[in-house]
Amino acid sequence: MITCGIEIKGSEVILCLLSKQDGLFQIADCRQIRHALTQPNSADSMRKFQFMLKKLFEDYKVERVVIRERPTKGKFAGGAVGFKIEAAIQLISELDVDLINNATMKEIIKQNPLPIPFSATGLKAFQEGAFMVAYAALSEANS
């Protein structure tokens, strides 16, 4: 089962495709690891963004999407565009979408430390948040 970890930053989603089989994690290649929502106030733009993500999830046979939850209040609160992106992803049919908050994620990673340093994964530095989301989700599901 391929899990897609997503971190939303501003008007952009950052993706990491990860699976776990027989205790081993596999990082799947992805044709595009960043997607920006260029016109968040346009319904047509929202539909195209959602369709593009749905197509990507279908092409890579993603069964589960886990999004890093952002606070709604306070210093690190997510913006309106980020919440629109989150809703667009959650409304994709035939897809299991979950949110994971930072506290839960840190606790799971504390109990299931990374087998290798992130720098050894071959992923881009900006994908670390999305990778950690997918890693925590898979570690939690298989513990």
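Annotations for the structure displayed:
- For segment 2-37, taking the residues that are polar (S, T, N, Q) and assigned to a loop (DSSP other than H, G, I, E, B), the one that is farthest from ASP98 (Cα to Cα) is identified as GLN32.
- Selection status of ALA28, surrounded by fewer than 17 Cβ atoms within 10 Å (Cβ to Cβ) and over 24 Å from ALA136 (Cα atoms): no
- Single match in LEU95, LEU91 (criterion: surrounded by 16 or more Cβ atoms within 10 Å (Cβ to Cβ) and either under 18 Å from VAL13 (Cα atoms) or not hydrophobic (A, V, I, L, M, F, W, C) (or both)): LEU95
- Residue check for GLU94: among the acidic types (Asp, Glu), more than 29 Å from PRO117 (Cβ to Cβ) and modelled with pLDDT of 95 or more: no
- Just so you know, in segment 1-17 the residues that are surrounded by fewer than 22 Cβ atoms within 10 Å (Cβ to Cβ) and in contact with a Leu (Cβ under 8 Å, 6 or more places away or on another chain) include one that is farthest from THR121 (Cα to Cα), and it is SER11.
- Checking each residue in segment 70-100 for being in contact (Cβ under 8 Å) with a residue 60 or more places away in the chain and in a helix (DSSP H, G or I) picks out VAL81, GLY82, ILE85, GLU86, ILE89.
- Considering residues of segment 31-68 that are of a type in the set (A, V, I, L, M) and over 23 Å from PHE126 (Cα atoms) only, the residue surrounded by the fewest Cβ atoms within 10 Å (Cβ to Cβ): ALA43
The values are calculated or read from the model by the stated rules, or taken from the named source; none is laboratory data. Just so you know, these numbers come straight off a predicted model, no measurement behind them. Reconstructed Cβ throughout: ideal geometry from the backbone, glycine too, with neighbour counts over all protein chains shown.
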